[in-house]
4 protein chains.
Amino acid sequence: MTTPRIGIWFIGARGGVATSSAIGLTALQHQQTDETGLVSALPVFSQLPLPGWGDFVIGGHEIRDVTLYDEALRLNRESRVFDAETLIACREELNQIESRIRSGILWNVGHTIRKLAPEDAPDQLEPSAAIEQIQADLAEFRAQNQLENVIVINLASTEAPIDESIWPHSWSQTQTLLRQADCPLPASSLYAIAALDLGMTYINFTPSLGATPPGIDQLARERSARHAGRDAKTGETLLKSVLAPMFAARNLDVMSWVGHNIFGNLDGKVLDDPSNKASKVKSKDHLLEAILGYAPQTLVSIEHIESLADWKTAWDHIHFRGFLNTPMTLQFTWQGCDSLLAAPLVLDLARFAEVARQRGEVGCMTFLGCFFKSPLGTNNQAFFDQTRLLETWAAQPN
Amino acid sequence: MTTPRIGIWFIGARGGVATSSAIGLTALQHQQTDETGLVSALPVFSQLPLPGWGDFVIGGHEIRDVTLYDEALRLNRESRVFDAETLIACREELNQIESRIRSGILWNVGHTIRKLAPEDAPDQLEPSAAIEQIQADLAEFRAQNQLENVIVINLASTEAPIDESIWPHSWSQTQTLLRQADCPLPASSLYAIAALDLGMTYINFTPSLGATPPGIDQLARERSARHAGRDAKTGETLLKSVLAPMFAARNLDVMSWVGHNIFGNLDGKVLDDPSNKASKVKSKDHLLEAILGYAPQTLVSIEHIESLADWKTAWDHIHFRGFLNTPMTLQFTWQGCDSLLAAPLVLDLARFAEVARQRGEVGCMTFLGCFFKSPLGTNNQAFFDQTRLLETWAAQPN
Amino acid sequence: MTTPRIGIWFIGARGGVATSSAIGLTALQHQQTDETGLVSALPVFSQLPLPGWGDFVIGGHEIRDVTLYDEALRLNRESRVFDAETLIACREELNQIESRIRSGILWNVGHTIRKLAPEDAPDQLEPSAAIEQIQADLAEFRAQNQLENVIVINLASTEAPIDESIWPHSWSQTQTLLRQADCPLPASSLYAIAALDLGMTYINFTPSLGATPPGIDQLARERSARHAGRDAKTGETLLKSVLAPMFAARNLDVMSWVGHNIFGNLDGKVLDDPSNKASKVKSKDHLLEAILGYAPQTLVSIEHIESLADWKTAWDHIHFRGFLNTPMTLQFTWQGCDSLLAAPLVLDLARFAEVARQRGEVGCMTFLGCFFKSPLGTNNQAFFDQTRLLETWAAQPN
Amino acid sequence: MTTPRIGIWFIGARGGVATSSAIGLTALQHQQTDETGLVSALPVFSQLPLPGWGDFVIGGHEIRDVTLYDEALRLNRESRVFDAETLIACREELNQIESRIRSGILWNVGHTIRKLAPEDAPDQLEPSAAIEQIQADLAEFRAQNQLENVIVINLASTEAPIDESIWPHSWSQTQTLLRQADCPLPASSLYAIAALDLGMTYINFTPSLGATPPGIDQLARERSARHAGRDAKTGETLLKSVLAPMFAARNLDVMSWVGHNIFGNLDGKVLDDPSNKASKVKSKDHLLEAILGYAPQTLVSIEHIESLADWKTAWDHIHFRGFLNTPMTLQFTWQGCDSLLAAPLVLDLARFAEVARQRGEVGCMTFLGCFFKSPLGTNNQAFFDQTRLLETWAAQPN
C-alpha cells in the first residue's frame, strides 16, 4: 500500500457521514468494495490526475463522546447498512482513525448542538483561541503524517442561520469580528478560517455558514487556498434539480411543489430545532424559482422520525398545469440511506479539490456546483448544467 | 386573422390527440388559451421565424365513423378536460375541420385496428392505389387552401412491429415492395411515402414504422422533403430519459427499473392487442441501456383500464445500489392526461419543421430527438442532451 | 313530488360541503344522479323507515357574502366536479335555497374566520342575543315550511380549540357562562344550544366544540332532542381507522405513522391558522393510540396548497416492525374530493337521525360513530367495529 | 427447556418461509426475540391452551440440494433480514433441524419446480409409492421424537392449477385416481393424503391443491384429522381484504383495482412460469367480487425482479366513483419482507390447530379463514369478519 500524502479532516468525525466515509475509504483501500456511487470514478474523469484511495489518511474534530466503531455498529444495527464482514475487516483502521480525532469547538453552535457534547465539556474558547486550537490540531495532523495538504470537510450538524447583513465583506472586517466578545460567526466559520489561513482546503458539506461570507473567501484567495460548498445534494433536492428543468423544458407550469422529508438520524434530531431547520429548508427550497424563472407555491418539511434511522424518505407532490389549462400530477417517493449517499461525494470532493490544488486554482471552486444545494459562486441550479460545468472543467489540460 | 398558408394533416384525425390539437390550435388562434405546454413558445426560441397560430389549417384522414365534435365531448365527459366555454367556442371551427377529413386506408393495419373501422368499409386498396388515393386527398387539401406546404402527422393507432430484416434499404427496393401483392409495409409507411413523394413533410408521432426504413428516408432526400419520428415522449418515458442520466451522473447502479402504465383511451385499447403492444413496449424500454451503458433488469407493462379514460397513470419502481452495496429505491407516480400532453408537441413539431423547410434542410430532422422515445438518426436518449441539440439547432442563423 | 316535512339547516350554508349537499339532494330529488356514496342507501339499511329525498328542504346560516350558485360554479371550475348539465338543472332550486339563508353569528369564531365575513358585518351579538337571533331564524324556517323537525348541521369552518377545563358540566353552568361578557363558548356551541333548546336535532360535522360539553348534552336530554358528532371521517382518518386495526390484528408493531395532508379549499385556508389547525390535527391523530393500545410516533400535517382546490391529497407513511425485528413499510396516497366525500354523509346523518327521532331516542346518538373522527360518547375508533354498531342499531325493531 | 411433544413438518423445508419459521421458533425458544408478528400472542387469545414454543420440534421434506443454514445466510445477505447474532446463536439448532429433513417427492409438480431438484434426483415414485415413502418419513419423525401429533405444513413452490372438474368428490374416488398411471393429483395432495391418513394435521400455506378436493376432506374426517388452507394472506391481498370492505361500507363504487407485485425470491421465480402463476393470480383476485358484490375491472401482475430478493413490493391503484359521479383515487405501496410476514403465521396456524385437536374438532378448520387468500369452507373474504370468526371460536370453552 502507498504512503498517504493527503489528509482528510472531518468536522463531525464520528457522525453518520464521516463514519460511512471512513469505512468506505478503508474498504476501497483494501479493495473490499467497488466504486459504485463515486462520481470521480466515472469514465469521463479517467484522464484526471486524481489521487488514489491509498493517498488519503483521515483525522478530525468531534464534540460527542462516542467511538467511531460504536457509531458504525449503530448504523449497521439501526439502518441495516454495511456487511458484517466489511465492518469487522475495518475495525482496526477505524480505531487508528479514532486516535486522530480531537475535541471540537462549540462557539455559537446553538443550544441543540451544544447538548450533543458532554455536559462537562471544557469552557467555551473565545473565537481567536478556538482558531488557534484548531490550527494546532491540524498542524499536528499534517506533521505527524507528513502530508502535502489537508482537506477540511465540514460534516457537523447544521447550525442556525446567520443573517446575511452581518456577514463580513473583507478579511480585515472578519478579523475585527473575531476580536469581538459577541462575535456572531459560528463554529463552522471558525474552522474554515483556521484551515484556509494555513493554506489548507475547506469544503462545507452542510448548510452552515462556513466559508460563505466574502470576507472568508478573501482570506482563501490571499492564502492561495480553496474552498467549496454548501449543503451536499444527495436526495430530494437532487431530484428537484433534475425534474424542475424538465417541466421548464416542456413549458409546463408548476403550480405547487410540496416536499415532505422524514428520517431518524442525528442530523434529523438537530433539524427538529426550528432555528437549525430554517437553514436546511431554505437550502432545499430556493432552487425551484432559480430554475423555473417563477415561484410556484412550495412547501418543504423535514421531520425527525426515530424509527427510520438513516433512511431519508421524501414524498414530493408536484402539481402542474399543461395545455388548455389541464392540471396533472407527478409524485415521487425517495427512500435513500442518507449517510451512504453522502459518503462517496465526500471522497469525490476531496479528489477533485486535490486536482484543483495541483492546477494552482485558488478561491471558490465553482465547478463543484453539482454537488451542492446552495452552490457558492453560481446561481445555476439545474443539475445537468452543473454536471456539464464539472465535465468542462475536467476536460481542461492538467 | 391571417390567411393560413401551411396545412397540418392528421392521420387519425378524430383521435384524442388530433382532437385536442384541433381544439388547442383553434383556442390559440382565438387567444382563448395561453401557450403553456408549448415548447416552441419558450423564450429560448423567440428568435426563430416560427409560423404563427393563424398560419395553420387542419385536415386529415380517419378510419372511424365518428365526428370530431362528439369526440371532443367524450373527452370532456370521460376525462374532465377542456372548459365548457372553450368547447362551445370551438364548435364551428371543429365542424369546418370535419369537412376536411377523408377516409383513411387499412393496408396491413392488423386485426385490432381494422375493427375500429365500420364493418362495411370499402375493400382494401392495394398499396399503389392506396398511395394514389392519399396523394389525391393531400393535393386537394393543398390546392383548395392554397398552401405553401403540408405537414402530415401520424397520430393513428400503433401498428404491430415490422421485422427490421424486411425494411427496404433503398427507394428502388421500396418501389419493388410496393408492387408485391403481399407488400409488408404498413399503412403508416404508405402515408409517409405518399407525403414525401409530394415533397411534403412527414412526422411520425407513433411507434409505427412510418418513414423509418432507409428506403423511405432516401425518397425524402430525393424529393427535398423532411421527416421526423418516432413515438412522442410525453410521460413515463420522458421521466426515464430525465432520471436515468441522474443515476448515471452519480454512478449509482440501477439494478432494476419496473414501469407499469395504465390508461383507458382508444390508444390503450389497441395496445391491449399483444402484437400492437410489442411496438410500444420496445420503444419505452430500450432507452435505459442506451443511457446507462448497461442493461438493468427492466419490466414495462401497458394495460387498458377503462375507467381511467385519457388519464395515463404510470408507477415506476427503480431499485438502485449505492456506495458500499446499499440498495435504495425511487418510486414515482405520473398522472398525466395523455392527449393534452401530446397535443402541444404536435403543434411544436409542425412549427419547428416549417423552420427547417425554410432553411432548406432535407431528410431526417434529427434535432427533434427530444420529442421522441425512439428518435430517428441518433442514439442519444438523455433528455437534456436532446434539448441542447434542439437549442443549438435553433441558435443557427436562419 | 312530495311536500317536504323535514328541514336541514346548514351552518356554513354556502361552503363547499353545503353546496355539494344541496346540489346532491336536488339531483337525487330529480333522479339525476344515483345513490353512490350514500351509506343509508346500502341494502343493509333497506328495512329502516328512512325519509325519502323529497322529504327534505334546505336552509341555513352563512357569514360570507357570496351566492350558492357562484360557489357551485367555482367548485366546478377549480375542482372539475359536477356535470355542467347537473349544475344548470339545479340552478333554480339553488336559488330557492339561497332565499332561505340567513346571516350567521361571529361570537368567538376567532380572527381567521372573522375575516371571511364582510368588513361591515353588524356588531357582534352577545351570546344570549345571538341564540335568540338563531332561534328566530330556525322558527321562521320551521313555520314557513310547516316542518315536523329541523336538523341543524354544523358545516362551518373549524374554530380554535376550547380548553376542556372550561367546558360546562351542567345545563345550569352553561347558562351561567352564557351570561358572562367573556363567555368562552364559541359560535358552534351557541348554534347547538339554540337548536337543542327548540327540540331540534344538532349534528356537528366539524372538529369545533358544538354540543360536546356535558352541559349541552344535558340540555339535549331535557328537551328530548338529539345530537351527534364530531368531525366527519371522510378520507385519511377513515383509512387510519381501517388500517390500524389490521396492524393490531396481525400483532405488527407500528413504529411510526406519518400523515401529510394538502388541499386548497376554504377549509384548508382556515386551517392555515395554527390555532384552528390544532383542533383538526388532534382529531386526526388521537385514534391510533385508541386502536393500537400504544402510542407510535405520529406526525400529522395539514397544509393549504391553492392549486389543489377541493382535492384533498394525503400521503401516509407507516413504518412497522414484524417478526424477528424486521422493519417494513406501507405508504398510501389518497386523492379525494373533500366536499363530494362529505356531502353524502351529511344526507346520511340527517336520515339516520330522523329514524332515531321517530324511535324516541334522545341525547347523544353514539351509534353514528362510524361517521366521525372524534365520535361522541364512545372511544371505539376501529371503523368496522363502528359500522357493526350502526348495523346493530338499524336491526332493532323500529 | 421442555421436551417437545408436537412436530411441525414443513414441505419445502429449506425455502424462505420454512427457514424463517425455523429461525423464529428457535429464537422464541431461547427468548432471543419478542412475539411481534404472532397473532396467537395477542391478549384476546391469552385464555386459549396454546402450546408453548418449547413444545414444538421441526422436520420436513425438501427437493432442493442446499442446506438450511446456507439459505439463512443467503436471506441475510440478499434481503438484510435477521441480526447476525440471532443467526449465529441459531446455527446449532438449524443443523439439528437439517438432520430431520428428508427428500421430497416430485409427482406432477410441473417442469419449473422439477428443475429446482438436482438433475440426478431418483426416478419419480408412482403416487401410492410416494405416499408410502412420505408416511414412512412422518412415522419415523413421530417415533424418534415421541410426538403426540405432527402438523404437516405445505410451504413448497406453487404448483400449476388443477381443473376443478377432475377433483375427486369422495375418498373412494380419490383412491381410484391414485391407482391410475396418469393420476392428475399433484404432490401437494399426495402429502395431504399421507398426513391425514395417519391422523396428522395438514395445513396448506400455498395456492396448490393440497387437501382442497372434497374427496380428501372426507379422508380427514374419517381419520379424525384436521386441515386448513389455502394460500396465506400476508401482504397485498391482506390489504385488499381490509380496504375493499371500506369502499363497500361507504357505498363507493370501485371502478377498477390494479395490483402490481414485484419480488425476487424463489417463490417469484417459480411464479414466472405462467402455469404456476395462474394459481396465484386467481387466489389474489377473486376476493374483490366476493366482498363488493360486483366485479370491478381488475388486473393483478406478479413479476420476478431479482434485485428485490424477499422484499415483495406491491403497488395498488384503486379508482373509485363517489357522490355525483366523482372519480377519485387511492394508491398504496406495500414493502414487506415476504418470508418474515409468513413465518409467524406458520407458527400461529400450528398453535391454533393444536387447540382444535385438543377440542376434538375434525375436518376443515374454517375458523382460520383470516389467514388465507382462498379460505376453505367459507366465502367470507372481509378480513375483520374473518378475525371475528377466529375470536368467536377462541371464546368457546376449551
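Derivation of every value follows stated rules applied to the coordinates shown; laboratory data play no part. Nothing here was measured: the structure is a model prediction, and the numbers come from that model. So basically every Cβ, Gly included, is an ideal-geometry build from the backbone, and we count neighbours across all protein chains shown.
Here are a few things to note about the model shown:
- Linear extension gain, B:Gln146 paired with B:Asp272, 0.36 nm per residue minus alpha-carbon span: 41.2 nm
- Using only side-chain charges placed at the Cβ, +1 for Lys and Arg and -1 for Asp and Glu, the dipole size of chain D relative to its Cα centre rounds to 820 debye.
- For A:Gln180, inter-copy label distances in nm, listed shortest first [label point 7 Å out on the Cα-Cβ vector]: 4.9, 8.6, 9.6
- With semi-axes defined as the square roots of five times the eigenvalues of the C-alpha gyration tensor, the equivalent ellipsoid of segment B:259-398 measures 30, 23, 14 Å, largest first.
- Residue-averaged beta-carbon neighbours from other chains (10 angstrom radius) around A:309-316: 3
- Whole-number percent relative contact order across chain A, with pairs defined as alpha carbons under 8 Å at least 6 apart: 19 percent
- Charges were assigned to the Cβ only: +1 to each Lys and Arg, -1 to each Asp and Glu. The resulting dipole of segment A:236-337 about its Cα centre is roughly 280 debye.
- Look at the stretch B:336-346: the mean tally of other chain Cβ atoms within 10 Å of its residues' Cβ atoms is 4.
- Taking a sphere under 14 Å around the Cβ of D:Arg102 and counting the other residues whose Cβ falls inside, with K and R at +1 and D and E at -1, yields a net charge of -2.
- Kyte-Doolittle at least 0.0, axis length at least 27 Å by Cα - qualifying DSSP helices, chain B: B:338-358
- For the pair C:Ala121 and B:Glu306, label points projected 7 Å from Cα toward Cβ lie 4.9 nm apart.
- Simple Cβ-charge dipole of segment C:264-398, Lys/Arg +1 and Asp/Glu -1, about Cα centre, in debye nearest 20: 300 debye
- Rounded FRET efficiency, nearest 0.05, which uses the C-beta distance separating A:Thr3 from C:His111 and R0 of 56 Å: 0.20
- Protection proxy ranking, highest mean first, for peptides B:62-70, B:74-82, D:149-157: D:149-157, B:74-82, B:62-70, where packing is the per-residue count of other beta-carbon atoms within 10 Å, averaged.
- Cα-based Kirkwood hydrodynamic radius, segment C:236-336, one decimal, Å: 14.2 Å
- Between copies, D:Glu148 shows label-point distances of 6.2, 7.7, 9.5 nm, shortest first, with the point placed 7 angstrom from Cα along Cα to C-beta.
- Three-way shape call for chain C based on the alpha-carbon gyration tensor, with the a/c threshold at 1.5: rounded
- Placing a label point 7 Å from Cα along the Cα-to-Cβ axis, A:Ser103 is separated from the same position in the other copies by 7.1, 7.1, 9.5 nm, shortest listed first.
- FRET efficiency, 1/(1 + (r/R0)^6) with R0 51 Å, evaluated for D:Asp70 and C:Ser165 via beta carbons: 0.20
- Note on C:Ala139 and B:Ala84: with the Förster distance fixed at 30 Å, the Cβ-Cβ geometry gives a FRET efficiency of about 0.10.
- Square roots of five times the Cα gyration tensor eigenvalues for segment C:1-40, Å: 18, 15, 10
- Leading residue at positive end of dipole, chain D (Cβ point charges), from D:Cys337, D:His169, D:Ala143: D:His169
- For the segment A:250-262, counting C-beta atoms of other chains within 10 Å of every residue's C-beta and taking the mean gives 6.
- The modelled label-to-label distance for the pair D:Ser99/C:Glu35, using points 7 Å beyond Cα in the direction of Cβ, is 6.9 nm.
- Cβ crowding within 10 Å, taken as a proxy for footprinting-reagent exposure, orders A:His304, C:His286 from fewest neighbours to most as C:His286, A:His304.
- Secondary structure note: in chain A, about 40% of the DSSP beta bridges are antiparallel.
- Three-way shape call for the protein assembly as shown based on the alpha-carbon gyration tensor, with the a/c threshold at 1.5: rounded
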